[in-house]
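Asker: One structure is given below, represented as structure tokens, and several questions about it will come after.
Laboratory data are not the source of any read-out in this text; all were calculated from the coordinates shown. What you see is a predicted model, and the numbers here were worked out from it, not measured in a lab. Cβ placement follows ideal geometry from the backbone for every residue including glycine, while neighbour counts extend to all protein chains displayed.
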Amino acid sequence: MDLLEYQAKALFREVGIPVLPSQLIDDPREIKQLQVPYPVVLKSQVRTGGRGKAGGIRFVENTIDAIAAAQAILNLPIVGEYPQLLLAEARYQAQTELFLAITFDYRLQRLVLLGSKRGGMDVEALLSGMQKVVVEDDFSSFYARRLAVKIGLQGKLVSPVSDIVEKMYGLAILKDLDSIEINPLAIAENGEIMALDGKVTVNDRAAIYHPDLFDLAQLRENGNNRSTIATRRPLTWQNPQGNIGILCDGEGVAATIWDLLYQQKQKPRNCQIIGAKTYGKFFSDYHLKDELERGLEALLAAPETEFIFLDILWEENRMKIIEAAIASVLDFSPRPISKPGGDDRNERPTAAQSRQQRRSPRPQQSLKSYKTPPKIVVYLRGGDSEVMNSQPKQLPIQWTNNAEAAILLINNEK
Amino acid sequence: MNNEQLSMNNWQSRKILVQGITEPLAIHAVAKMKDYGTNIVAGVGIGRGGEEIAGVPVFDLVEEAIAKVETVYMSIIFVPPNQILDAVLEAMAANIPRLILVTNHIPPLDMMRLFRKAKANKTVVLGGGSAGIIVPERVLLGICEARCYTPGNVALIGRSTGLLDEVAWELTRGGIGQSIAIDLGNGEAIGSGFSDWLTLLAKDRKTKAIALLESAMMGNEEAADLIPPHFKKPIFVYVSGRFVPIMPFSQDTTKLILSRCSTSFAHGSTAEAKLAACDRAGIPVANSPSQLAKLLQEALKSEVKIKQKPILTSNHESTKLS
């Protein structure tokens, strides 16, 4: 979870990393009461990077310019994100700008210190000067000094810069940060040091340790609070041309199903994972039905979805629950689905209908009136074929315990 | 676990502890493990000492459990992510030499401390986010779905619970049994890896061939790069998710910078990288679980005829099928 600049700076202030006096603005009219002396820099408070190049940072000399600039910034989305606040900060004359960061390296399983003498907005220049120090064991000040020297600092600058790195490290440990960055860290002609911009990413999974940070992050966020581990979640896989929705109890298996469909020249569209919290291994009957229903609804929200490929682990009572979940989401009764191999191509939703459906906001229940219910193939991993065959089935669903046979069933439906 | 015959050990005599036994997944898993004959002797559930779960006595502390049941061979840990470091430290303080971490999503700094301590202590850690180990019809340690597995001579190593079950099921249906299946875990960082387990499987007499199961964007390593030198048993790789459209990571400048200079994403190894590693190592790649079954079947047949041939000279045909 990313903190906004002003939130990051609040943390910097807590540990004694120097930041400029600033003021938070959420209405351009507040600029008239600005306490920060001109010239001032106004900065859009968004989580995405690159706001400088996108016009989210403006320098102003007086109140009239400031009000106009504030209005412009508050109405300017940065990569789709509108700022709710802007930060007015005193302008600072830097002689040198450094880049400093600390991040967790998953391959090394260590925290690494990063630094570049060429901080600022030019990413290529910044990277060309990048130096790295791996903190091998317990942290000690010399790691920070090593970074300062590696990036080419000398004499009087080594100590104050390494001191900043040490304070950043302290924050990273104290607050379970994924990463902390200061860019630029300005050094003035007189040797004064100032953190002009900061980026702090809190580890979502460590949320439980730091309720304060999460309160901070969710401030003014219109209910956009991310839960840490959702139990049902959509995968980011998207194929806009696809017509098969996959509902599955694990990401690795879902990937296999996607590949098998693709190799058979089928068009998987998207995928929903259920039971992520328990690796798809354990559901109460209620939760299984509930997650199946919500997963189906999410997949069927795209009118292009003509097929549902459901793949979960077999258990004896699950066929009943799957049928109940499907029956509660889809209504098969008005016109039963045709037998496999049957041709009902003409009755499928056309593209025009699809567009119409997409435009009109549909209440949830309207899935029941979905013109032609999607074809549904259920593959039960580890399924006992005898038991599967002997169980009574109410709905026109294809059942199998063989992944490739399931793919062929979809092939045959076409 | 050196010099062990993993798939042939006398598992009945080995005492297994379950930490976090009061978690819903643990309750479900303990019943299944007991049914399978796993010798679970005690559980730890904070505040639930004195109770019984699926016939297993529950204690508040690991040391209380140890006092009662004496030496424990392994602990399987199900506690919530924020309690995992404590659970591991408690197990190590009680000298339990092997740990399976079913728990996933461990905060990174806890994870860093955990693995550092485990290494210093020479504790073997499987996971986080591991489904554990199954030796078909001998022992179930964790949450693999037993009905997908059948005894045989193929060892499976993977990093995804579902995929392990899926491939085992495909092999079982194709008449190919398994000597053992090991889930390294899909955690952001894991303890023991492909090379550690391959070293053990090299000595396992029941294991005649090995399948490494990989998934796109799982881990930061490529299994084929991690095969110990001069490895004699035939190895095959299956990579799931080769055709899955992977969204690019965040376009955020900060993250791009960090990811250019460090491995700041937990799972960054692409299917292409994994396949390229197989190509470099000359490891045959299966395009699907059923093709993997066919490759393994051929390998097991030739295993009977000629003694053994090093994998590096094995034919490249299967890779070309892709």
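Asker: Eigenvalues of the Cα gyration tensor times 5, then square-rooted: what semi-axes does that give for the protein assembly as shown, in whole angstrom, largest first?
Answerer: Calculated on Cα positions only, the semi-axes equal 47, 35, 25 Å.
Asker: Now for a separate question. Name the residues of the range A:1-22 whose amide N is less than 14 Å from a point 7 angstrom out from the Cα of A:E192 along the C-beta direction?
Answerer: Of the residues in the range A:1-22, A:18-22 have backbone N under 14 Å from the label point off A:E192.
Asker: Ok, one more. With +1 on each Lys and Arg Cβ and -1 on each Asp and Glu Cβ, and nothing else charged, work out how big the dipole of the protein assembly as shown is about its Cα centre, in Debye to the nearest 20.
Answerer: 1620
Asker: Another question, if that's okay. Would you mind classifying the range B:1-136 by shape? Square roots of the alpha carbon gyration tensor eigenvalues, ordered a ≥ b ≥ c; an a/c under 1.5 is rounded, otherwise it is prolate if a/b is larger than b/c and oblate if not.
Answerer: Cα axes put the range B:1-136 in the rounded bin.
Asker: Something else: May I ask you to derive the FRET efficiency for B:L61 and A:K267 from their Cβ-Cβ distance with R0 = 60 Å, giving the value to the nearest 0.05?
Answerer: The value I calculate is 0.60.
Asker: What length, rounded to one decimal in nm, is gained on full extension from B:E70 through to B:N95, with 0.36 nm per residue of separation minus their alpha-carbon distance?
Answerer: 7.9 nm
Asker: As a test of the formula, what do you get for chain B when each DSSP H run with n ≥ 4 contributes -39,500 (n - 2.57) and the sum is divided by the residue count, at 222 nm and rounded to the nearest 500 deg cm²/dmol?
Answerer: -10000 deg cm²/dmol
Asker: Now a separate question. Please give the length that would be gained between A:L24 and A:T372 if that part of the chain were fully extended, namely 0.36 nm times their separation in residues minus their C-alpha to C-alpha distance (nm, one decimal).
Answerer: Answer, rounded to one decimal: 119.9 nm.
Asker: Given contacts defined as C-alpha pairs under 8 Å and at least six residues apart, what's the relative contact order of chain A, whole-number percent?
Answerer: 11
Asker: Any lysines with Cα under 30 Å of the A:K375 Cα? List them, leaving off those in the same chain fewer than 8 positions away.
Answerer: Within reach: A:K265, A:K267, A:K277, A:K281, A:K289, A:K320, A:K339, A:K393, A:K414.
Asker: If you count, for every residue in A:99-105, the Cβ atoms of partner chains within 10 Å of its Cβ, what is the mean?
Answerer: Shielding by partners across A:99-105 averages 6.
Asker: If you take the charge dipole of chain A about its Cα centre, with +1 on Lys and Arg Cβ and -1 on Asp and Glu Cβ, which of A:I17, A:I187, A:I67 is farthest toward its positive end?
Answerer: A:I67
Asker: Taking the Cα centre of the range B:190-251 as origin, sum charge times position over the Cβ atoms of Lys and Arg (+1) and Asp and Glu (-1), and report the length of that vector in debye to the nearest 20.
Answerer: 460
Asker: Placing +1 on the Cβ of each Lys and Arg and -1 on the Cβ of each Asp and Glu in the range A:96-218, which of A:L213, A:G152, A:I173 has its Cα farthest towards the positive end of the resulting dipole?
Answerer: A:G152
Asker: Something else about it: If you count, for every residue in A:279-290, the Cβ atoms of partner chains within 10 Å of its Cβ, what is the mean?
Answerer: That average works out to 4.
Asker: Let me ask something else about it. Just want the answer: with Cβ charges of +1 for Lys and Arg and -1 for Asp and Glu, which residue in B:A54, B:N82, B:M8 is farthest toward the dipole's positive end in chain B?
Answerer: B:M8
Asker: Quick one: dipole size for the range B:132-320, taken about the Cα centre, charges +1 on Lys/Arg Cβ and -1 on Asp/Glu Cβ, in debye to the nearest 20.
Answerer: 760
Asker: At a Förster distance of 51 Å, what's the computed FRET efficiency of B:K119 paired with A:E81, Cβ-Cβ distance as r, to 0.05?
Answerer: It comes to 0.75.
Asker: On a 23 Å Cα-Cα criterion, which of the cross-link pairs A:K199/B:K119; B:K68/B:K117; A:K9/A:K175; B:K119/B:K232; A:K9/A:K43 come out too long?
Answerer: In this structure, A:K199/B:K119; B:K68/B:K117; B:K119/B:K232 lie more than 23 Å apart at Cα.
Asker: Same structure, new question: Under 15 Å from a label point 7 Å along Cα→Cβ of A:V387: give me every residue in the range B:121-162 with its amide N that close.
Answerer: B:145-149
Asker: Could you work out, residue by residue across A:107-113, how many beta carbons of other chains sit within 10 Å of that residue's beta carbon, and then give the average as an integer?
Answerer: 6
Asker: Quickly rank A:241-253, A:86-98, B:119-131 as a protection proxy: mean count of other C-beta atoms within 10 Å, highest first.
Answerer: Order by mean packing, descending: A:241-253, B:119-131, A:86-98.
Asker: Would you please put A:129-140, B:211-222 in order of how densely packed they are, using the mean number of other Cβ atoms within 10 angstrom per residue and starting with the highest?
Answerer: For the peptides A:129-140, B:211-222, the packing ranking is B:211-222, A:129-140.
Asker: Then there's this: Place a point 7 Å from the Cα of A:F139 along the Cα-to-Cβ direction; which residues of the range B:109-132 have their backbone N under 17 Å from it?
Answerer: Zone members listed by number: B:109-114.
Asker: Mind pulling the angle between the C-alpha long axis of helix A:403-413 and the longest principal axis of chain A? Nearest 10 degrees, somewhere in 0 to 90.
Answerer: Once rounded, the angle reads 70 degrees.
Asker: For the peptides A:404-412, B:46-54, what is the packing order when you average, over each peptide's residues, the other Cβ atoms within 10 Å and list the highest mean first?
Answerer: Those peptides, ordered most packed to least, come out A:404-412, B:46-54.
Asker: For A:A68 and A:V123 in one chain, what is 0.36 nm times their gap in residues minus the Cα-Cα distance, to one decimal in nm?
Answerer: 16.8 nm
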